[in-house]
Amino acid sequence: MNQTARKTIDAFHQRFGEKPVWIVRAPGRVNLIGEHTDYNDGYVLPMAIDQATWIALRPRTSRQVQLYSLDHVAACSFSLESIERDRMHWSEYPKGVAHTLLAHGYPLSGWEGVTACDIPMGAGLSSSASFELAVARAFSAVSGFAWDKQLMARLCQQAENQWVGVKCGIMDQMISAIGEEGKAILIDCRDYAHRAVPLPTGVMVVIMDTMTRRGLVESVYNERRQQCQEAAKIFGVKALRDADLDTYKQQATLLNPITRRRAKHVVTENHRTLNTAAAMERGDATTCGRLMNESHKSLRDDFEVTNDALNAIVAAAQSHPGCLGARMTGAGFGGCAVALVETSKVESFSQDIVEAYQRSSQLTPNLYPANASKGASIESTISLPP
Ligand code: GLA
């Protein structure tokens, strides 16, 4: 059994004197390409990863939710009769999910549980979305309503947008809900249509955590969103997804230089994402790698959401003979990058990049291969020993 799951179940046992009834898992994600496209109604190509949020739980007779977090070494408790905001940040996620589900008419029952997460927080691997999906999955089991993956992803996004107050797009919640083993998922963020895309053989996806975390992400993220909306308005389209390369070329001069660069990133990134999915489907890892390199350049120079650490680790990766391509992943401004590496060279790649990055930044990065995993799930713990 996964170590974090084991730890969560053991802690539940210690706290409540018996084993939990269920164990829920909702994964984080790494986005292979399609960055800052989701809130432009565009395309993304993420995969769910092994790292996840776990909740061990049992139902309660009262309409109270009580959750102990092993990561925060703290408990939160709220009544489903009236949910109120407070200052304890992590507890706003379960409260926001409960509030949103109730607002959509779901008859929620109370539960108590223990949670733990092995996704590094604030690293661009969607620990928040995975927490939201895990909570939603717990509510669906305890309250007995059907688990509709897509709908749950959208309600969790709504919880994050409206209750937590972060204006994220749909990518993180959607992939945490619909992830598939061994596959990345191409998602159309306008209508949520998606298709599973197998990873090419002979290569592995490697996550490279720069160990930098940046504060001001939200304000810069919101500013980028606004700039994209402004560009769409000037182009006369609903969202930048509707602007193709020709529209961009014909109308780019209508935009001021900054908005023009932002629009250029989104328009070209949508193309790259579709082309990467097609290349993956024909097993063409070389093209995937090239497109990832182009994506990083575009995020660095046109969308301007990288930082020195991301640029350094990506440059080191790109110059390694075992690497087909590399780019930042997630919102940017720090956190993780992702590389496509020949399977036989993953070990030497990891060693070389750790050394190169240490030399240039005085920080020790964390590199590990990522497996594409399935989306949020729940298991009964009936088969576990008492
Ligand atoms: C964050 C957001 C996503 C997406 C990415 C950038 O992870 O939560 O919705 O916008 O940034 O691609």
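What follows draws every value from the coordinates through simple rules; no lab data is involved. These figures come from a predicted structure and were not determined experimentally. Here the Cβ is made from the backbone with ideal geometry for all residues, glycine too, and neighbour counts use every protein chain on show.
Couple of notes before you dig in:
Matching residues to (1) without any contact (Cβ under 8 Å) to a residue 60 or more places away in the chain; (2) in contact with a Pro (Cβ under 9 Å, 6 or more places away or on another chain); (3) farther than 21 Å from residue 328 by Cα; (4) away from the ligand (no atom under 14 Å from the Cβ):
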site: 225; (1), (2), (3), (4): no, no, no, no
site: 256; (1), (2), (3), (4): yes, no, yes, yes
site: 274; (1), (2), (3), (4): no, no, no, yes
site: 285; (1), (2), (3), (4): no, yes, no, yes
site: 293; (1), (2), (3), (4): yes, no, no, yes
site: 303; (1), (2), (3), (4): no, no, no, no
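- For the residues 102, 70, the requirement of being more than 16 Å from the ligand (Cβ to nearest atom) and free of Cβ contacts under 8 Å to residues at least 60 places away in the same chain singles out 102.
- Hits in segment 39-61 - residues which are among the β-branched types (Val, Ile, Thr) and either within 30 Å of residue 230 (Cβ to Cβ) or surrounded by fewer than 24 Cβ atoms within 10 Å (Cβ to Cβ) (or both): 44, 61
- Matching residues in segment 199-216 - criterion: being surrounded by fewer than 23 Cβ atoms within 10 Å (Cβ to Cβ), more than 17 Å from the chain's Cα centre (by Cα) and either among the basic types (Lys, Arg) or not in a loop (DSSP other than H, G, I, E, B) (or both): 204
- Close Cβ contacts (under 8 Å, 6 or more residues apart or on different chains) running from residues in segment 337-350 that are within 17 Å of residue 276 (Cβ to Cβ) to residues that are assigned to a helix (DSSP H, G or I) and not aliphatic (A, V, I, L, M) comprise 337/296; 339/349; 340/288; 340/289; 341/349.
- Counted residues, segment 227-254 - those being assigned to a loop (DSSP other than H, G, I, E, B), without any contact (Cβ under 8 Å) to a residue 60 or more places away in the chain and under 16 Å from residue 37 (Cβ atoms): 3
Let's see how each residue does on (1) assigned to a helix (DSSP H, G or I); (2) within 30 Å of residue 136 (Cβ to Cβ); (3) among the small types (Gly, Ala, Ser):
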{"residue": "315", "(1), (2), (3)": "yes, no, yes"}
{"residue": "326", "(1), (2), (3)": "no, no, yes"}
{"residue": "341", "(1), (2), (3)": "no, no, no"}
{"residue": "348", "(1), (2), (3)": "yes, no, yes"}
{"residue": "352", "(1), (2), (3)": "yes, no, no"}
{"residue": "356", "(1), (2), (3)": "yes, no, yes"}
{"residue": "384", "(1), (2), (3)": "no, yes, no"}
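- Qualifying positions in segment 140-198 - of a type in the set (Val, Ile, Thr), more than 14 Å from the ligand (Cβ to nearest atom) and part of a helix (DSSP H, G or I): 142, 178
Yes/no per residue for (1) at negative phi; (2) within 16 Å of the ligand (Cβ to nearest atom); (3) crowded, with 24+ Cβ neighbours inside 10 Å:
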residue	(1), (2), (3)
7	yes, no, no
22	yes, no, no
34	no, yes, yes
37	yes, yes, yes
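- The single condition among (1) in contact (Cβ under 8 Å) with a residue 12 or more places away in the chain; (2) closer than 22 Å to residue 36 by Cβ that residue 371 does not satisfy is (2).
- Residues located in segment 114-139, provided they are of a type in the set (D, E, K, R), away from the ligand (no atom under 13 Å from the Cβ) and within 15 Å of the chain's Cα centre (by Cα): 118
- Filter result for residue 289 (of a type in the set (Gly, Ala, Ser) and at positive phi): no
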